[in-house]
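The values are calculated or read from the model by the stated rules, or taken from the named source; none is laboratory data. What you see is a predicted model, and the numbers here were worked out from it, not measured in a lab. Reconstructed Cβ throughout: ideal geometry from the backbone, glycine too, with neighbour counts over all protein chains shown.
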Amino acid sequence: MPTYIVLIGPPGVGKGTQAKIIAENTGLPHISSGDLFRENIKNQTEMGMLAQSFINKGELVPDSVTISMIQNRLNAPDCANGALLDGFPRTPTQAKVLDEMLVQLNGKVTYVPYISAPSDTLIERLSGRLTCRAQGHIFHGKYNPPKVAGVCDLDGSELFLRDDDKVETVRHRIQVYTNQTAPLIEYYRQRDLLVEINGARPIEEVTSDLLKVLGTKQE
Ligand code: AMP
């Protein structure tokens, strides 16, 4: 049966960073709804234009757009053994839809690691976060600085501050998370899938706990 990992946690907790590492360790494709939207915005697709105004305000993109984007991605051949989902589902409604999509794919949600951290930590991390233009690799001015300022260590592209990582938008995103996404915690707890991990620690410690949860040996 395919393995589907749903990584949940507030914005800035390190989901994206951890997802990239975990995807490499498990060989599962990393599906980040935020990255998919940003790619569509960069390529100025119709979907990208539609999503952009919501994203820049820190609001959720409407379900009609988000769900079909994820459904297409999960049906791609590289997801035959499952996937690591980062940023989707973001509401209990999306979680129900995901359950239905996975039934169609003869699977179900296998693990739900929930990475948590206090709001102050999230604001500090997000407002110092640097994202790579080419592939979305993530750095931080203070906690995970690139070797050369402004340049991605991994692919040499420019690092930039996402529009939605500006302090005012960050505060709003955390509020949206509390109102709309936090109920997911209960959804998965009731299904006995949730495992909480303290995200207010160095990257390596969080990774090590995640790999333990997933039952994968660290390389
Ligand atoms: P992220 O990179 O996960 O922080 O996502 C960036 C932005 O993309 C979010 O603030 C939302 O505007 C939008 N987004 C990402 N995933 C979803 C989703 N599952 N549902 C609705 N909007 C989303």
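Can you tell me how many residues in region 84-119 are part of a strand (DSSP E or B) and in contact with a helix residue (DSSP H, G or I) (Cβ under 8 Å, 6 or more places away or on another chain)? Please lay out each step first, then the result.
Taking region 84-119 as the starting set, the residues that turn out to be part of a strand (DSSP E or B) are 84-86, 109-116.
Subsequent filtering for residues that are in contact with a helix residue (DSSP H, G or I) (Cβ under 8 Å, 6 or more places away or on another chain) retains 84-86, 109, 111-115.
Here the count works out to 9.
Pull out all pairs, ordered by first then second residue, where Cβ-Cβ is under 6 Å, the residues are six or more apart or on different chains, the first lies in region 86-97 and is on the phi > 0 side of the Ramachandran plot, and the second is in a helix (DSSP H, G or I) and near the ligand (Cβ under 6 Å from one of its atoms).
As it stands, the answer is G87/S33; G87/G34, since those pairs meet every condition given.
Which of the residues that make up region 62-74 are surrounded by 12 or more Cβ atoms within 10 Å (Cβ to Cβ) and free of Cβ contacts under 8 Å to residues at least 40 places away in the same chain?
Looking only at region 62-74, we keep the residues that are surrounded by 12 or more Cβ atoms within 10 Å (Cβ to Cβ), and these are 63, 65-67, 69-71, 73-74.
Across region 62-74, the qualifying residues are D63, V65, T66, I67, M69, I70, Q71.
Give just the number: which of (1) within 15 Å of the ligand (Cβ to nearest atom); (2) within 20 Å of N40 (Cα to Cα); (3) not in a loop (DSSP other than H, G, I, E, B) does T169 not satisfy?
(2)
Starting from region 47-61, keep only residues that are polar (S, T, N, Q), then list their pairs with residues that are more than 7 Å from the ligand (Cβ to nearest atom) and assigned to a helix (DSSP H, G or I) whose Cβ atoms are within a distance under 7 Å, requiring at least 6 positions of separation or different chains.
Q52/I41; N56/D163
Of the numbered conditions (1) within 24 Å of S208 (Cβ to Cβ); (2) more than 18 Å from the chain's Cα centre (by Cα); (3) touching a residue at least 40 places away in the same chain (Cβ under 8 Å), I115 fails exactly one; give the number of that condition.
Of (1) within 24 Å of S208 (Cβ to Cβ); (2) more than 18 Å from the chain's Cα centre (by Cα); (3) touching a residue at least 40 places away in the same chain (Cβ under 8 Å), only one is false for I115: (2).
Working carefully through the options A149, A95, find the one that is buried (at least 18 other Cβ atoms within 10 Å of the Cβ) and either small (G, A, S) or at pLDDT below 95 (or both). Talk me through it step by step, then tell me what you get.
Working: A149 fails: buried (at least 18 other Cβ atoms within 10 Å of the Cβ).
Answer to the check: A95.
Against the conditions (1) farther than 27 Å from I203 by Cα; (2) surrounded by 14 or more Cβ atoms within 10 Å (Cβ to Cβ), where does L36 fall short? Just the number, please.
Of (1) farther than 27 Å from I203 by Cα; (2) surrounded by 14 or more Cβ atoms within 10 Å (Cβ to Cβ), only one is false for L36: (1).
When you go through I185, I123, I174 one by one, which is the residue that is in a helix (DSSP H, G or I), among the β-branched types (V, I, T) and in contact with a Phe, Trp or Tyr (Cβ under 7 Å, 6 or more places away or on another chain)? Don't jump to the end; show me each part of the working.
On the way: I123 fails: in contact with a Phe, Trp or Tyr (Cβ under 7 Å, 6 or more places away or on another chain); I174 fails: in contact with a Phe, Trp or Tyr (Cβ under 7 Å, 6 or more places away or on another chain).
Among I185, I123, I174, only I185 is in a helix (DSSP H, G or I), among the β-branched types (V, I, T) and in contact with a Phe, Trp or Tyr (Cβ under 7 Å, 6 or more places away or on another chain).
Can you name the number of the only condition in (1) modelled with pLDDT of 95 or more; (2) within 14 Å of the ligand (Cβ to nearest atom) that V103 fails?
(2) is the only condition that V103 fails.
Applying the selection to region 103-112, what residues are at negative phi, in contact (Cβ under 8 Å) with a residue 60 or more places away in the chain and surrounded by fewer than 18 Cβ atoms within 10 Å (Cβ to Cβ)?
Residues of region 103-112 at negative phi: 103-105, 107-112.
Those still in the list that are in contact (Cβ under 8 Å) with a residue 60 or more places away in the chain too: 105, 107-112.
If the condition is that a residue be at negative phi, in contact (Cβ under 8 Å) with a residue 60 or more places away in the chain and surrounded by fewer than 18 Cβ atoms within 10 Å (Cβ to Cβ), then L105, K108, T110 are the ones that fit.
Among the residues of region 169-179, is there at least one that is within 16 Å of the chain's Cα centre (by Cα) and of a type in the set (D, E, K, R)?
yes
Picking from Y177, Y187, which residue would you name as being out of contact with any helix residue (DSSP H, G or I) (no Cβ under 7 Å at 6 or more places or on another chain) and buried (at least 18 other Cβ atoms within 10 Å of the Cβ)?
Y177
When the residues of region 190-213 are narrowed to those that are within 17 Å of the chain's Cα centre (by Cα) and part of a loop (DSSP other than H, G, I, E, B), which ends up surrounded by the fewest Cβ atoms within 10 Å (Cβ to Cβ)?
Here the residue is A200.
Restricting the first residue to region 133-162 and requiring it to be assigned to a loop (DSSP other than H, G, I, E, B), which pairs with a second residue that is among the hydroxyl-bearing types (S, T, Y) meet a Cβ separation below 6 Å and a spacing of at least six or different chains?
R133/S157; A134/S157; R162/T131
Would region 7-27 turn up any residue that is part of a strand (DSSP E or B) and closer than 19 Å to L98 by Cβ?
The initial filter retains those residues of region 7-27 that are part of a strand (DSSP E or B), namely 7-8.
From what is left, the residues that are closer than 19 Å to L98 by Cβ are 7-8.
Within region 7-27, one or more residues are part of a strand (DSSP E or B) and closer than 19 Å to L98 by Cβ.
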